[in-house]
Each structure stands twice: as C-alpha cells, then as structure tokens.
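S.K.: One structure, as structure tokens, below. Some questions next.
The values are calculated or read from the model by the stated rules, or taken from the named source; none is laboratory data. Small disclaimer: the values here were computed from a predicted structure and weren't measured. All Cβ positions, even for glycine, are placed from backbone atoms using ideal geometry, and neighbour counts span all protein chains on display.
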Amino acid sequence: MWYDPLAGPIELSLCRPGNTSWSYDRNLLVKKNVIDNRLREFAGEVEERKAKMLRRLPQSVGNINR
C-alpha cells in the first residue's frame, strides 16, 4: 500500500530550481534505522515464503509429469 508522504498538494507556483523544501506528513516520517529494520524483517519473511515454496516445488513438478 502506498501513502503519499506530502502533506497537501504541490504548489507549482513555488516550484523553481533550487527550491527543495517540501511539507511532509509527520505521521509518515521515521528514522532511517526504523525503515532498515522493517526492510530486514520483510526480507526475512520473503525468504521464509521462498523456502516454503521451494520445498513444495518437487511435488508440484512431479504432478505435472503424471
């Protein structure tokens, strides 16, 4: 799911080279280590699911050949 991190619409009249200020939704701001930890957790979950599917693969392939 995607959440727009900007706190409101973009004011095109304020956009010009060098203007790098943005108003972010404070509810979506976290420290880098929090994001890194969550990404590591997610990667672990993906690896667990991958291992589970790989264990099932020989059975699935065997059923195709019958």
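S.K.: State all residues of the range 1-16 that are of a type in the set (D, E, K, R) and farther than 21 Å from Leu29 by Cβ; if no residue qualifies, say none.
M.R.: Taking the range 1-16 as the starting set, the residues that turn out to be of a type in the set (D, E, K, R) are 4, 11, 16.
The one that is of a type in the set (D, E, K, R) and farther than 21 Å from Leu29 by Cβ: Arg16.
S.K.: While we're looking at this one, here's another question. So, in the range 25-34, of the ones that are under 18 Å from the mean Cα position of the chain (by Cα) and under 12 Å from Pro5 (Cβ atoms), which residue ends up modelled with the highest pLDDT?
M.R.: Val30
S.K.: Give the number of residues within the range 1-42 that are outside any loop (DSSP other than H, G, I, E, B) and either on the phi > 0 side of the Ramachandran plot or without any contact (Cβ under 8 Å) to a residue 24 or more places away in the chain (or both).
M.R.: 18
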